[in-house]
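**Q** Here it is, the structure in full.
The values are calculated or read from the model by the stated rules, or taken from the named source; none is laboratory data. Worth saying up front: this structure is predicted, and the values here are computed from it rather than measured. Neighbour counts run over all protein chains shown; Cβ positions are idealised from the backbone, glycine included. For the accessible areas, the whole protein counts, side chains as well, though only heavy atoms, and no ligand, DNA or RNA atoms are used. Shrake-Rupley method; radii C 1.70, N 1.55, O 1.52, S 1.80 Å.
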Amino acid sequence: MEPNHTPRIEINLAKIGHNVKQLVELYGKKGIEIMGVTKAVCGDPVVAEVLMNKGILMLADSRITNIQRMQNAKIKAQFVLLRTPALSEANLVVKYADISMNTELSVINELSIAATKNKSIHKIILMVEMGDLREGIMPKDLEEVIQEILTLKGIQLVGIGANFACFGGVKPSKASMDDLSVLASGIEEKFSISLTCVTGGNSANYNWFESVTDTGKINNLRIGESIYLGCETLDREAIPELFTDAFTLVAEVIESKIKPSKPYGEIGQDAFGNHPKFEDRGQMKRAIVSIGSQDVHVSGLTPKLEIEILGSSSDHTLIDAKNVDLKVGDEVKFNVSYGALLSLMTSPYVSKKYIGEIRLVSKPIPLTTNS
Ligand SMILES: *Cc1c(COP(=O)(O)O)cnc(C)c1O
């Protein structure tokens, strides 16, 4: 494996480590513990290790496969499954996750059966709907659900939580955080139990956190993007003192020519069924880099040079090189958005190169039919 295979994503472990340490300190000042969310890096054990070394105790992922990956790599953490388990994966969830987030009684019932079979106790956090309209139990139904859960063997209710700014773009306001606190206190009182984890949201909760002095019963947030990209996620503003460039995509120029800027000939559909329109900007320095829509959410890439991305097809990304001299074989670097990061980390065609604490290059996963 060439150490500088392209395309590759360079993962700066020192910058990620710095961001984690800062965020643990920042949120800790007002009594909030953070779960390190690993889904954007597909549960990469090297990154998970950095999170653990910098003070994170709980790692959270939406996919049980990613949690399995970290468990198999002997990462020692409390593992939390963020996405409501599918009925069909209850046994895996009980085996690999310490805690799961839930919204459906039928699933919790299945987890109870699996945990009892496994002679273990599976912890759950109930997600409450607070307006973003992704997962969550409607607040009016919460008590009835809890009543039922408290009769189940092998299940321990350890908390409640809510999610924001994922589907509906709904902000975690002071009012909704206060509502969640009130719900938590109400449950503790009514059922004489203690909820050790009241988890109020994700990287979108930064502005709320900064604006309040007292976070109420909220003692946990689930943080991914702020760790990896150094920003909050309502306006994608950088958080002071954090690195926003811990991840860099490196792609390689495979063609560089002066060509017209406007396609010529009879025009039909492009690779994805669109009817593209182009402005005539005269002759243009055009370059192609060998990465495409099959590997990355191209609209989430920002070139580090003064060049412009014109578009992409499955395997090619087209660049207006402007005043930059791009030669065949040159490497071109890009900053990545969250969407681009997700796709790059998931693509088997993109190698992962760690910079900072450990120097390693992972091989692209070979494409075979027998596993
Ligand atoms: C992805 C996810 C998070 C983390 O979100 P970030 O914006 O990356 O901080 C938190 N909670 C749930 C339920 C998620 O699915």
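**Q** Could you please give the count of residues in segment 36-53 that are within 16 Å of the ligand (Cβ to nearest atom) and either open to solvent by 20 Å² or more (accessible area, probe 1.4 Å) or out of contact with any helix residue (DSSP H, G or I) (no Cβ under 6 Å at 6 or more places or on another chain) (or both)?
**A** Going through segment 36-53 one residue at a time, the tally reaches 4.
**Q** If I ask for residues that are more than 16 Å from the ligand (Cβ to nearest atom) and either in a helix (DSSP H, G or I) or within 24 Å of the chain's Cα centre (by Cα) (or both), which ones from segment 132-155 would you list?
**A** Pro139, Lys140, Asp141, Leu142, Glu143, Glu144, Val145, Ile146, Gln147, Glu148, Ile149
**Q** Would segment 103-124 turn up any residue that is farther than 27 Å from Glu89 by Cα and either without any contact (Cβ under 8 Å) to a residue 60 or more places away in the chain or touching a helix residue (DSSP H, G or I) at 6+ places or on another chain (Cβ under 8 Å) (or both)?
**A** no
**Q** Right, something else. Which of (1) surrounded by fewer than 16 Cβ atoms within 10 Å (Cβ to Cβ); (2) within 16 Å of the ligand (Cβ to nearest atom); (3) touching a residue at least 12 places away in the same chain (Cβ under 8 Å) is the odd one out, the single condition Ser226 does not satisfy?
**A** That leaves (1) as the condition not met.
**Q** Tell me whether segment 202-219 contains one or more residues that are of a type in the set (A, V, I, L, M, F, W, C), under 21 Å from Glu10 (Cα atoms) and within 10 Å of the ligand (Cβ to nearest atom).
**A** Taking every residue of segment 202-219 in turn, none turns out to be of a type in the set (A, V, I, L, M, F, W, C), under 21 Å from Glu10 (Cα atoms) and within 10 Å of the ligand (Cβ to nearest atom).
**Q** Sticking with this one: Specify which of the listed residues (Glu232, Glu279, Glu252) is in contact with a Ser or Thr (Cβ under 8 Å, 6 or more places away or on another chain) and closer than 18 Å to Val298 by Cα.
**A** Only one candidate passes the filter, namely Glu252.
**Q** Right, next: Any idea which residue in segment 232-241 is farthest from the chain's Cα centre (by Cα), counting only those that are open to solvent by less than 80 Å² (accessible area, probe 1.4 Å) and within 13 Å of the ligand (Cβ to nearest atom)?
**A** My answer is Ile239.
**Q** Looking only at residues that are assigned to a strand (DSSP E or B) and without any contact (Cβ under 8 Å) to a residue 40 or more places away in the chain in segment 156-170, which one is surrounded by the most Cβ atoms within 10 Å (Cβ to Cβ)?
**A** Within segment 156-170, the match that is surrounded by the most Cβ atoms within 10 Å (Cβ to Cβ) is Ile160.
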